[in-house]
Protein chains: 2
Amino acid sequence: MSATPVTELGEFGLIDKLTSQIKHHHQQTIKGVGDDTAVIASPDKDIYNLITKDLLVEGVHFNIMYTPLKHLGYKAIAVNLSDIYAMNGTPTHVVVGIAVSSKYTVEALEEIYEGMLLACNKYNVDMVGGDTTSSISGLMLSVTAFGTVNKDKIAYRSGAQPGDLICVSGNLGSAYSGLLVLEREKEVFKANPDMQPDISGYSYVVERQLKPEPGKDVVELLKKLEIIPTAMIDISDGLASEIMHITKASEKGAVLYEEKIPIDMQTAAVGHEFKIDPTTFALNGGEDYELLFTINQSDYEKIKDQEIISIIGHITENPAQRDLVATSGNIVTLRAQGWDSFRKE
Amino acid sequence: MSATPVTELGEFGLIDKLTSQIKHHHQQTIKGVGDDTAVIASPDKDIYNLITKDLLVEGVHFNIMYTPLKHLGYKAIAVNLSDIYAMNGTPTHVVVGIAVSSKYTVEALEEIYEGMLLACNKYNVDMVGGDTTSSISGLMLSVTAFGTVNKDKIAYRSGAQPGDLICVSGNLGSAYSGLLVLEREKEVFKANPDMQPDISGYSYVVERQLKPEPGKDVVELLKKLEIIPTAMIDISDGLASEIMHITKASEKGAVLYEEKIPIDMQTAAVGHEFKIDPTTFALNGGEDYELLFTINQSDYEKIKDQEIISIIGHITENPAQRDLVATSGNIVTLRAQGWDSFRKE
């Protein structure tokens with residue numbers, strides 16, 4: 001029997017391979033694997049149900065040294081709700097699985113739950129069950145989120161059309177720059193445990209890393225503006241990776257303009273400090289949980305003055321085209337080097 | 001800050017504590033934590049949606065030394081479907097989370113998926129998504145299952161009434177006796193790796209441990225017999241623990257008769273070999289994934305000759321009563337010593 005290391009395929013290649021044999025038995029199953037959520041018809045013909053699941057694994061997705069447990073619980077819920085919003089939907093319920101080693105106390109678990117319930121209450125979501133069990137080592141959070149969407153307003157990854165404007169909410173790269181700061185302070189602390197971590201001046205980017213907010217405000221804004229995105233995805237793995245998903249699913253190309261990519265001032269400052277171009281944070285950093293979406297050009301007037309939305313490019317006919325027009329004027333082809341938990345370091 | 005070890009509360013005490021602060025925001029939420037599944041109203045007023053989640057953690061729920069990966073995948077789906085059947089429902093969809101360390105190859109993951117899809121296809125369930133990620137150590141499977149139930153046929157844990165007959169499907173204790181055999185062969189193998197494990201003569205109990213089947217046949221039989229259970233639960237932690245759940249939720253008592261508890265011949269033989277009363281396997285072993293349910297006495301005639309159903313006792317008025325009438329004639333009070341992943345050994 002052959003033995004292929006998982007690293008050889010990477011996360012997306014692995015998922016493609018594993019899920020290739022899936023058969024559907026129910027006509028209610030509108031969409032299985034391959035978008036931000038699964039889509040299931042409901043008895044109300046105007047409403048689709050949405051289901052998504054995301055795992056957070058200690059040592060892979062978070063480092064317990066600098067992650068407050070309450071924030072971790074909040075984030076575990078937030079990243080799942082983000083997938084529901086990315087379908088232009090509204091989250092309604094979550095179920096929660098926790099596996100913990102004996103190093104975690106009851107009080108630690110209570111903090112995690114407190115964070116999870118804080119997110120649930122803020123986003124009007126009911127926690128309706130789950131499973132709590134021990135593990136041999138470390139902590140793992142497994143959340144499944146449910147929501148609904150009006151059938152006529154659903155935004156798949158696959159609907160982008162040539163000429164559509166590519167938009168993004170908020171700003172990008174801040175979560176990754178926050179991670180860099182936290183990692184640096186961890187090393188300082190390990191070298192000298194008497195040193196207190198200094199994250200003053202970095203509070204915005206650190207909060208973006210530790211306590212992301214899902215795109216409820218964006219979905220509500222789009223509704224108010226009467227815009228239905230032609231395609232949408234949340235930015236969990238970095239802009240380059242998400243643009244690849246949208247263009248691949250839509251079988252179209254894309255041109256992005258570096259100067260249009262929204263970068264926060266603190267993110268730019270961290271980039272300067274670490275001598276890394278902050279555009280790299282935006283393209284490959286991930287975990288911003290902003291929404292990336294495409295809209296018909298006819299919606300331009302409605303959206304152009306919205307503060308939380310940036311228009312960063314457009315969709316093209318050629319599926320092979322994934323161009324970034326750099327501020328220098330050079331054109332570079334985007335590669336998805338987004339975060340992949342299976343990637344070899 | 002105080003530091004209470006999780007072992008001090010046990011699994012059920014921990015869940016009670018963690019979930020005590022949950023608030024529901026949606027009137028569609030019929031039942032949250034506290035039964036085999038969550039129950040959510042659907043746009044069809046006659047239909048409720050059911051949601052359940054179960055984790056399987058390496059080193060806690062399974063030992064990879066003697067668990068074929070295909071069986072493991074099958075079991076991960078089966079134990080979740082079991083919870084849907086325990087509500088008298090029909091499973092329709094699953095989503096699957098897998099966290100794996102680098103010791104697992106692509107081929108290993110394909111075997112797990114093959115087993116999962118075998119169960120999905122057998123039970124007419126659509127796999128519609130999930131998350132696959134790396135872990136620092138070991139393998140963890142997190143499955144969430146969905147189903148539906150006719151509102152008038154739902155079986156909660158809480159509906160048992162005095163005089164109701166207590167029934168169980170199949171036989172009990174076989175999964176645990178299979179585990180004992182597998183653990184013994186593991187020790188033999190560790191002592192002398194040239195010895196091949198000998199599980200001939202134990203194939204039934206070993207299969208019950210490694211590849212349990214959820215209670216689809218029982219739910220279909222009840223439908224055919226036009227019986228709606230007054231209460232139902234699946235036997236994951238052992239008969240004693242599940243009887244406790246039903247009597248506690250129903251605020252009633254129970255009397256069980258040891259001689260009525262169905263024990264398979266191979267299970268009895270393993271008990272003899274290991275010098276353990278097989279009733280102990282049934283009461284405290286767990287993982288049989290049979291259904292335990294109560295019915296009104298008026299349904300007795302319908303069920304009394306059904307081969308796969310045993311009537312093992314009845315419900316009483318007194319919530320403090322949990323009696324087992326032993327074959328010897330002695331009456332012992334049942335204690336839930338069912339499997340608890342947090343229990344100190």
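A short reminder: the numbers here are calculations on the coordinates, not readings from a lab. Predicted, not measured: the structure shown is a model, and the values here were computed from it. Methodologically, a virtual Cβ is constructed for each residue, glycine included, from the backbone with ideal geometry; neighbour enumeration extends over all protein chains shown.
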Total charge dipole magnitude, the stretch A:223-345, about the Cα centre, Cβ charges on Lys, Arg, Asp, Glu only, Debye to nearest 20: 300
Over the whole of A:88-95, what's the average partner chain Cβ count within 10 Å per residue? Rounded to a whole number, please. 3
Projected convex hull area of the stretch A:6-151, Cα atoms, direction-averaged, in nm², equals 10.1
Which distance in nm do the two modelled labels at B:Thr333 and A:Asn330 give, with both placed 7 Å along the Cα-to-Cβ direction? 7.9
Please work out, to two decimal places, the log10 of the ratio I(q)/I(0) at q = 0.11, 0.14, 0.20 Å⁻¹ from a Debye calculation in which every Cα of the stretch A:165-254 carries one identical scatterer. -0.47, -0.66, -1.00
What are the residues whose amide H is under 5 Å from the amide H of B:Ile30, where those residues sit 5 or more places off or on another chain and H is modelled from the backbone? B:Val39, B:Ile40, B:Ala41
Note on the stretch B:165-333: contact order normalised by length, alpha-carbon pairs under 8 Å, 6 or more apart, percent, works out to 40
Pick out which of B:Asn192, B:Asn49, B:Asn284 has the largest mean-square fluctuation in a Gaussian network model of chain B, springs linking Cα atoms closer than 10 Å. B:Asn192
Sequence-distant or interchain residues sharing an amide H contact under 5 Å with B:Cys167, placed H: which? B:Phe293, B:Thr294, B:Ile295, B:Ile312
Calculate, in whole percent, how much of the Cα-Cα pair population of the stretch B:165-333 lies beyond 24 Å. 38
Local charge sum around B:Leu324 (other residues, Cβ-Cβ under 15 Å, Lys/Arg +1, Asp/Glu -1)? -2
Tally the DSSP beta bridges in the stretch B:36-150 and give the antiparallel ones as a percent, rounded to 5. 75
Roughly speaking, what is the stretch gain from B:Met65 to B:Ile136, that is 0.36 nm per residue apart minus the C-alpha to C-alpha distance, in nm to one decimal? 23.7 nm
Given the protein assembly as shown, report the % of alpha carbon pairs whose separation exceeds 42 Å. 29
Let's test the formula: R0 of 56 Å, r as the Cβ-Cβ distance of B:Lys248 and A:Lys224. What FRET efficiency results, to the nearest 0.05? 0.70
What 222 nm value per residue comes from the helices of chain B, counting each DSSP H run with n ≥ 4 as -39,500 (n - 2.57) and dividing by all residues, nearest 500 deg cm²/dmol? -10000 deg cm²/dmol
Where GluC sites (Glu not before Pro) fall in DSSP loop in the stretch B:1-58, at most 15 other Cβ within 10 Å: none
Once you average over the residues of A:114-123, how many Cβ atoms of partner chains fall within 10 Å of each Cβ? 2
Calculate the radius of gyration of the Cα atoms of the stretch B:236-345 to one decimal place, then report Dmax, the largest Cα-Cα distance, as a whole number, both in Å. 14.3, 45
Copy-to-copy spacing for A:Asn63, label 7 Å out on the Cα-to-C-beta vector, in nm, shortest first? 3.6
Nearest-20 debye value, the stretch A:1-91 charge dipole, Cβ charges on Lys, Arg, Asp, Glu: 160
Going 7 Å from Cα along the Cα-Cβ axis for the label, what nanometre distances separate A:Glu251 from the same residue across the other copies? 6.2
Could you state the principal axis extents of the C-alpha atoms in the stretch A:234-288, from the largest down, to the nearest angstrom? 39, 21, 15
Can you work out ³J(HN,Hα) from phi for every residue in the stretch A:13-20, in order, using Karplus 6.51 cos²θ - 1.76 cosθ + 1.60 and θ = phi - 60°, giving whole Hz and x for Gly and Pro? x, 4, 4, 4, 5, 5, 8, 5
Can you compute the FRET efficiency between B:Lys122 and B:Ile199 using 1/(1 + (r/R0)^6), with r the Cβ-Cβ distance and R0 = 35 Å? Round to the nearest 0.05. 0.90
Expected vector for the stretch B:66-80, Karplus 3J(HN,Hα) from phi with 6.51, -1.76, 1.60 and θ = phi - 60°, integer Hz, x for Gly and Pro, equals 10, 10, x, 5, 5, 4, 4, x, 4, 5, 4, 6, 4, 5, 6
Cα extents of chain B along the three principal axes, largest first, in whole Å? 58, 53, 52
A:Lys45 versus B:Glu114, label points 7 Å from Cα toward the beta carbon: distance in nm? 4.3
Explain nothing, just the number: dipole magnitude of the protein assembly as shown about its Cα centre with +1 on each Lys and Arg Cβ and -1 on each Asp and Glu Cβ, in debye rounded to the nearest 20. 360
Taking just the alpha carbons, could you work out the radius of gyration and Dmax for the stretch A:57-137, both in angstroms? 13.0, 40
Inter-part gap, Cα centre of the stretch A:1-57 to Cα centre of the stretch A:311-336, in whole angstrom, is 28
Going through the cross-link list A:Lys252/A:Lys275; A:Lys252/A:Lys304; A:Lys70/B:Lys103; A:Lys122/A:Lys186; B:Lys260/B:Lys302, which pairs have a Cα-Cα distance over 25 Å in this structure? A:Lys252/A:Lys275; A:Lys70/B:Lys103; A:Lys122/A:Lys186
Given label points at 7 Å from Cα along Cα→Cβ, what nm distances, shortest first, separate A:Glu273 from the same residue in every other copy? 6.4
Reference-scaled alpha-carbon Rg (2.2 N^0.38 Å with N residues) for the stretch A:66-194: 1.31
Of A:Asn296, A:Asn150, A:Asn330, the most mobile residue in a GNM of chain A (C-alpha springs, cutoff 10 Å) is A:Asn330
Averaged over A:16-23, how many beta carbons belonging to a partner chain fall within 10 Å of each residue's beta carbon? 6
